[in-house]
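Data first, discussion second: the structure below is written as C-alpha cells.
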Amino acid sequence: MKRRTKIVAVSAAILLTLGAGGVAVASGGDGGHGIGTVREAAALTGTAKLYRPAGDDITFSFDAHLAAKDNKDPQAATGTFRFSHYKDGKGGYAVAKVDCLTTGGKVAVVTGKVIETDVDAFRNKRVGISVHDDGKHDRLGYSWVGRDTNLEVPPCLSSAPFEQVKKGTGDFKVLPWQLDYPTE
C-alpha cells in the first residue's frame, strides 16, 4: 500500500471512529472555537448600545455559555452579563452571574442573579434578557419592562426583544442550541 493511500485510510478510520462515538468535532466554520474542539451547546456573547434619541447611554454586554456536557441542562450555563444606563452623569449599572441560557436560531434568553450593582432595586435579584442576533439590526428585551414589574423572574425567562440596538454598535453572537430528540 502506498504511503498516501495509508494516510487516507487511517484518516478515514479516525473520522469513522469519532463519528460512531458521537463526538461533535467542530470544523473550520465553528465561529473561532478551533478545529478538533467539542462545540459548546449554546452561547451568547457581544456588546451593544440601545437606540435612544434623547441621548441615554444604555449598554448591554454578554459572555454566557452552556458547555456541551450540559446540553440538556440550560441552568448549568456559566458566565456573566452587564448592563448600564446613564444620562447627564446620572444612572447605574449591574453585573449578573448567569444561571440559565437558552437559544433557538438567532434568539437567546439569559437569566442571572445580580452580583454587583449601584442600583438597590437590582441587588441580589434574578433578571432576564433576550437578544435577537440579526446582523446589523440586533434587538434586545429585558424582564424589568413595565410599570408593575417584579424584578425577580424565574430562570430562563425574559420578555421579547423589543428594543432596537443603536446603529453600528451591535455585535451580538448567538450560538443556537442543538437538542438531540429521541427517535423512538
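The values are calculated or read from the model by the stated rules, or taken from the named source; none is laboratory data. All values reported here derive from a predicted model rather than from experimental measurement. Here the Cβ positions follow ideal geometry from the backbone for every residue, glycine too, while neighbour counts run over all protein chains shown.
Could you list, in sequence order, the residues of the stretch 92-130 that are buried (at least 23 other Cβ atoms within 10 Å of the Cβ), in contact with an Asp or Glu (Cβ under 7 Å, 6 or more places away or on another chain) and of a type outside the set (Gly, Ala, Ser)?
THR111
Which of the residues that make up the stretch 46-68 are without any contact (Cβ under 8 Å) to a residue 24 or more places away in the chain and surrounded by fewer than 14 Cβ atoms within 10 Å (Cβ to Cβ)? First the steps, then the outcome.
At the first step, the residues of the stretch 46-68 found to be without any contact (Cβ under 8 Å) to a residue 24 or more places away in the chain are 53, 61, 63.
PRO53, the sole residue that qualifies.
Examine the stretch 141-150 for a residue that is loosely packed, with under 15 Cβ neighbours inside 10 Å, under 19 Å from the mean Cα position of the chain (by Cα), of a type outside the set (Lys, Arg) and within 18 Å of THR45 (Cβ to Cβ), and state whether such a residue exists. Spell out how you get there, then give the answer.
Restricting attention to the stretch 141-150, the residues satisfying the condition of being loosely packed, with under 15 Cβ neighbours inside 10 Å are 145-150.
From the residues that got through so far, the ones that are under 19 Å from the mean Cα position of the chain (by Cα) too are none.
So far as the stretch 141-150 goes, no, none of its residues is loosely packed, with under 15 Cβ neighbours inside 10 Å, under 19 Å from the mean Cα position of the chain (by Cα), of a type outside the set (Lys, Arg) and within 18 Å of THR45 (Cβ to Cβ).
Name the single residue, out of those in the stretch 75-91 being among the hydroxyl-bearing types (Ser, Thr, Tyr) and closer than 20 Å to ASP171 by Cβ, that is surrounded by the most Cβ atoms within 10 Å (Cβ to Cβ). Even if it seems obvious, please write down each step before you answer.
Residues of the stretch 75-91 among the hydroxyl-bearing types (Ser, Thr, Tyr): 78, 80, 84, 86.
Adding the requirement that they be closer than 20 Å to ASP171 by Cβ leaves 80, 84.
On the way: THR80: 16, SER84: 18.
Once the filter is applied, the top-ranked residue is SER84.
Taking the conditions exactly as written (farther than 16 Å from LYS49 by Cβ, of a type in the set (Val, Ile, Thr), modelled with pLDDT of 95 or more and in contact with a strand residue (DSSP E or B) (Cβ under 6 Å, 6 or more places away or on another chain)), does VAL174 satisfy them or not? Can you show your working first?
Details: farther than 16 Å from LYS49 by Cβ: yes; of a type in the set (Val, Ile, Thr): yes; modelled with pLDDT of 95 or more: yes; in contact with a strand residue (DSSP E or B) (Cβ under 6 Å, 6 or more places away or on another chain): yes.
Answer is yes for this residue.
Only one of these conditions is not met by GLN164: (1) in a loop (DSSP other than H, G, I, E, B); (2) under 14 Å from ALA48 (Cβ atoms). Which number is it?
Just one mismatch for GLN164, condition (1).
Among (1) over 14 Å from the mean Cα position of the chain (by Cα); (2) in contact (Cβ under 8 Å) with a residue 40 or more places away in the chain; (3) in a strand (DSSP E or B), which single condition is ILE129 missing?
(1)
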